[in-house]
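Here the structure is laid out as structure tokens; the discussion comes afterwards.
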Amino acid sequence: MNVVLKRKIEGMVAISLSTLAALFGLFWLVFILGDVLYNGISALNLDLFLNDPAPAGVDGGGLRNAFAGQLLITLFATLIGVPIGVLGGTFLAEYARGKGISKVIGVLSDIMVSVPSIVIGTFVYAILVRPLGHFNGWAGSIALAIIMIPVVLRTTEDMLSMVPWTLREAAFALGAPYYKVIIQVVYRGAASGILTGIILSIARVAGETAPLLFTSFNNAYFSVNMNQPVSSLTVTIFQYAMGPYDSWHTQAWAAAFVITVFVLILTIAGRLIIKWRYK
Amino acid sequence: MLSKKNPLDMLFASITAISSFAVILLIAGILFVLVHESWPAIERFGIVKFFFDTDWNPVTESFGAATNVYGTFITTTLSIIIAIPIAIGIAIFVTEISPDFLKGPIGGAIELLAAIPSIIYGMWGLFTLSPIMSGLIEPFLKTITQDIPIISALFAGPPMGIDLLTASVILSIMIIPFTASISRDSFRLTPEVVKESAYALGATKWEVIKHIVIPYAKLGVFGGVVLSLGRALGETMAVAFVLGNNHRITSSLLDAAATITVTLANEFAEADKDIYLASLFYLALVLFVLSFITLAIAKFFLLKAERKYSR
Amino acid sequence: MKKILAAALVMTLMVTFSLVQAADTLNGAGATFPYPVYSAWAYEYNKITGVKLNYQSIGSGGGQRQITDRTVDFGASDDPLMPEQLQKDRLLQFPAVIGGVVPVVNIAGIKDGQLKLDSESLSRIFLGEIKLWDDAAIIKLNPGIKLPHREITVVYRSDGSGTTAIYTNYLSEVSAAWKSKVGAGKAVKYPVGIGAKGNEGVANYVKRTANSIGYVEFAYAKQNKLVYTQLKNKAGQFITPSFKTFENAAETADFNPTKDFFVWLTNAPGKNAWPIAGATFILLAKEKTGSNKKVAMFFAWAFKNGDAKAKELVYIPLPKSLKAKVEQYWKANGIN
């Protein structure tokens, strides 16, 4: 009897503790999200999207430059990073399937995914900013693309591996060369999975700040010239939140809100596609 | 499969091969560029001396990494210590305790939270957490520890809310979802059959968790923790807001400090002398190598876990 | 085929984006000290001329580094470079505006200009030797003011900063202990405190941290309603920072074009001179003749039309004679 009771109590205690831990963890996380949503929504207004920043310490103005710049940098990062990632993943899953090199590159990519993004910023500064003689949007896009490549590569590899081998064999039987089989059969079969990988990789880089600090830098004006410094929401948040002006703080909350919502929508979309496709 | 006769096929194969080698090329490129750029500093300060020199002084042009390495070490260690129990608690809750209809939403929420950009955590830390730390938590910690000889030294100095402790708390909040979701995936590896048979023998829920689920998931969870450690090592924005960039080694957790990442973020674009910039590249190199090793270890354990249970 | 089309589209996009409005942007980076006035000027200038002067306040060290690396069209720094250094890096240097660095505090109940400090107490606070606000040395200077028995939190600049250069230059001049223990420079190794990025960051941290002291350019103190202190100057007077007392400090300075205007305004001898004043400088790359012309045009415009705005933010516009000297300096170096 005593032993049973002791076991029961121990179980109760342990289970309550882990429930508490879970609640505690979730509490902080909900707190952050709630805070961003609450402060962000109240800071939103139309001027934010239509105007460029006012001079320091003057109220008003907006972040049009940063919104446009962020979109531009992310767009070009996607255009550079996604093809390389998808093609690289194709090699691992198709031509090098099961070979040693495929494993090595796979593991290296997994490591690359978590390499400190600020290190990538310093790397791109050394190869693209200093030699070209100015901070520029391309450098920012390329820094983000470097972060995207391993993410897209790995998901593509996984998704292609899930396409049944028999599908390919059926196409081979019709006399199609391998590259045609890949493009017309395998990619089609794995399309939604690859798309998810791309969406999630965009979500991953859209909120990156550290690699942009020394590459795309910042610009107080609306500019779509990628050869010049380009503003981004994240770098602006860093500058504004660390600055002393209350109007900056408000705008930083608004920018944080927009970025967070954008990233969350992408993440949810990615998950939904997986759910819808693979269930 | 690869028909050697078809030139288009060869072309496509080469393009994909080059794309995938981009990863190796990038890693090698980063390593080469960092070594090349930091060479003047490596030559001048050496390796061992750079690591253990606590002087980071742009006026005298004397640079040592010790204060930065120390800050990185303390914040990551502390944040992992805070995060592990909570993350594992969440993982246990989601896989074993929670009623089924809550499993999905809570799991999803955790994954969403892992997706929130780190700069949001950092900014929230400055605006919301820092006042809470300096006004409430830090004075409380000071009061309860003031009579305990060694521990009180950990909380010496005025509670500013911009210090090692606040930075570590932010960092831990940031890696909790990450660690939790890996741990959860590892817990799920436990075969239902084994669990069922334990229940059939009259084991309580906790006993099943303790004797079956956790041993099964051990390797995976460990790999996950090391992976989180690697993440925390390289995290910049979450800590940059509340660390106070101070190049000193202090015993108090209520003092400002510097990590490798924050030093880079604050000083990289504005280092005026060449040797200063070279030293910053050297710091980046140190960080790259440290995190690479950590992540490789994590990967090793995760692969081992996968191999062990996916048979 | 689709792929080729897509690739072509991407290429076209890239080229278009690169060509669109390439010419009318000027990129500058550097000192945070004059950022409020530069950004106000640039805002006006953009309205009138359409030229986009993108000034990023990253710190004077950054200004010097980025113009030396030629990654910007002009650099800005409050830490003047010696003529030899300018020669070596093929740079030009001229002053743009004059301002003052002020100690700011955040102590409950203390108002603007109420707290009096002298060079001795100020340097000892920043050395960490005076740890509490009710230290005897501070009480002695402030009879009748109730100071809290609280630990002082020092806030300083962690980035390469001309404001720090001016401030530490002053402290080194007035305190032998400071000179030997810390020294002067854009980024020095402070023995105590927390580091913030930019004048903006220091203002922010002082605002948020009770019982703190920091140093910022006066415009930041004004704009953010930070509490500044009085300071005893070389003539032994307690001085409140103001337009007048900054001007007084600038009057005695010798700006010499043949020395690229290299001069410090700290610890000026004038009876009513604020002791921590400084000029802020613009750095140009000698060979960038095209953009130099445009930068000079901007400052010529600002010299002519920007005085009111500068005064509003409590910067001292350059005296007329000095403006003329700067314009001659441009001519002598082939700008204009």
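The values are calculated or read from the model by the stated rules, or taken from the named source; none is laboratory data. These numbers come from a predicted model, not from an experiment. Cβ placement follows ideal geometry from the backbone for every residue including glycine, while neighbour counts extend to all protein chains displayed.
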With (1) buried (at least 23 other Cβ atoms within 10 Å of the Cβ); (2) in contact (Cβ under 8 Å) with a residue 24 or more places away in the chain; (3) under 29 Å from B:LEU129 (Cα atoms) as the list, and A:PHE67 as the residue in question, which single condition is left unmet? (1)
Taking the options C:ALA302, C:ALA279, name whichever one is modelled with pLDDT of 90 or more and assigned to a helix (DSSP H, G or I). C:ALA302
I'm trying to understand the selection: among the residues of the stretch B:141-171, which are of a type in the set (S, T, N, Q) and either touching a strand residue (DSSP E or B) at 6+ places or on another chain (Cβ under 7 Å) or in contact (Cβ under 8 Å) with a residue 24 or more places away in the chain (or both)? B:THR166, B:SER168
Count of the stretch A:203-230 residues which are part of a loop (DSSP other than H, G, I, E, B) and under 18 Å from A:THR260 (Cα atoms): 3
Breaking point among (1) in contact (Cβ under 8 Å) with a residue 24 or more places away in the chain; (2) more than 9 Å from chain B (Cβ to nearest Cβ); (3) more than 22 Å from B:SER14 (Cα to Cα), for A:THR166: (1)
Restricting to the stretch C:135-150, and then to whatever is surrounded by fewer than 14 Cβ atoms within 10 Å (Cβ to Cβ) and of a type in the set (D, E, K, R), can you tell me which residue is nearest to B:ALA156 (Cα to Cα)? C:LYS146
Residue check: is B:GLU61 touching a residue at least 24 places away in the same chain (Cβ under 8 Å), more than 24 Å from the chain's Cα centre (by Cα) and loosely packed, with under 14 Cβ neighbours inside 10 Å? yes
Just to be sure I understand, how many residues within the stretch B:259-284 are more than 21 Å from A:THR209 (Cβ to Cβ), more than 8 Å from every other protein chain (Cβ to nearest Cβ) and not hydroxyl-bearing (Ser, Thr, Tyr)? 4
Take the conditions among the β-branched types (Val, Ile, Thr), in the same structural domain as A:ARG97 (by TED's automatic domain parsing), on the phi < 0 side of the Ramachandran plot and modelled with pLDDT of 90 or more and apply them to A:VAL205. Does it pass? yes
Counting just the residues of the stretch C:57-93 that are at pLDDT 90 or above and part of a strand (DSSP E or B), which one comes out nearest to the chain's Cα centre (by Cα)? C:SER77
Please report, ordered by residue number, the helices (runs of 4 or more DSSP H) entirely within the stretch B:195-309 with at least 3 residues that are out of contact with any helix residue (DSSP H, G or I) (no Cβ under 6 Å at 6 or more places or on another chain) and not acidic (Asp, Glu). B:214-234, B:274-309
Residue in the stretch A:1-53 that is surrounded by the fewest Cβ atoms within 10 Å (Cβ to Cβ), counting only those that are of a type in the set (Val, Ile, Thr) and facing chain B (nearest Cβ under 7 Å): A:THR19
Looking at B:PHE50, B:PHE45, B:PHE21 in this structure, which one is within 22 Å of A:ILE127 (Cβ to Cβ) and surrounded by 12 or more Cβ atoms within 10 Å (Cβ to Cβ)? B:PHE21
For strands (runs of 3 or more DSSP E) lying entirely in the stretch C:179-248, having 2 or more residues that are not small (Gly, Ala, Ser) picks out C:212-217, C:230-232
Subset of the stretch B:147-173 (residues that are aliphatic (A, V, I, L, M) and farther than 17 Å from B:SER79 by Cβ): B:ILE148, B:ILE150, B:ILE151, B:ALA153, B:ALA156, B:MET160
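Taking the condition within 14 Å of chain B (Cβ to nearest Cβ), touching a residue at least 12 places away in the same chain (Cβ under 8 Å) and more than 16 Å from the chain's Cα centre (by Cα), does A:PHE172 pass?
No; evaluated as a whole, the condition is false for this residue.
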Starting from residues that are at positive phi and touching a Gly at 6+ places or on another chain (Cβ under 7 Å), keep the ones in the stretch C:45-74 and report whichever is surrounded by the fewest Cβ atoms within 10 Å (Cβ to Cβ). C:ARG70
Are any of the residues in the stretch B:38-50 outside any strand (DSSP E or B), at the interface with another protein chain (Cβ under 10 Å from one of its Cβ atoms) and either farther than 30 Å from A:VAL104 by Cβ or out of contact with any helix residue (DSSP H, G or I) (no Cβ under 6 Å at 6 or more places or on another chain) (or both)? no
Only one of these is away from chain B (no Cβ under 14 Å) and either in contact with a Leu (Cβ under 8 Å, 6 or more places away or on another chain) or surrounded by fewer than 17 Cβ atoms within 10 Å (Cβ to Cβ) (or both): C:SER77, C:SER121, C:SER39. Name it. C:SER121
Unique residue being touching a residue at least 24 places away in the same chain (Cβ under 8 Å), within 27 Å of B:LEU243 (Cβ to Cβ) and of a type in the set (A, V, I, L, M, F, W, C) when the list is C:ALA108, C:ALA177: C:ALA108
Select from the stretch C:171-188 the residues that are within 17 Å of C:LEU265 (Cβ to Cβ) and touching a Leu at 6+ places or on another chain (Cβ under 9 Å) and write down the one among them that is nearest to the other protein chains (Cβ to nearest Cβ). C:ALA184
How many residues are of a type outside the set (A, V, I, L, M), surrounded by 24 or more Cβ atoms within 10 Å (Cβ to Cβ) and either more than 7 Å from every other protein chain (Cβ to nearest Cβ) or over 24 Å from C:ILE58 (Cα atoms) (or both) when one looks only at the stretch A:214-238? 5
Positions within the stretch C:189-203 being closer than 14 Å to C:SER123 by Cα and either more than 9 Å from chain B (Cβ to nearest Cβ) or of a type in the set (Val, Ile, Thr) (or both), in sequence order: C:VAL192
Entirely in the stretch B:70-155, the helices (runs of 4 or more DSSP H) that have 1 or more residues that are small (Gly, Ala, Ser), under 30 Å from A:TRP253 (Cβ atoms) and under 22 Å from the mean Cα position of the chain (by Cα): B:100-115, B:118-124
Scope the stretch C:223-238; condition more than 9 Å from every other protein chain (Cβ to nearest Cβ) and in contact (Cβ under 8 Å) with a residue 12 or more places away in the chain; matching residues: C:VAL227, C:TYR228, C:THR229, C:GLN230, C:LEU231, C:LYS232, C:ASN233, C:LYS234, C:ALA235, C:GLN237, C:PHE238
Residues of the stretch A:73-98 being away from chain B (no Cβ under 11 Å) and at pLDDT below 95, which ones? A:GLY98
Say whether the condition of being in contact with a Ser or Thr (Cβ under 7 Å, 6 or more places away or on another chain), assigned to a helix (DSSP H, G or I), surrounded by 17 or more Cβ atoms within 10 Å (Cβ to Cβ) and aliphatic (A, V, I, L, M) is met by at least one residue in the stretch A:158-175. yes
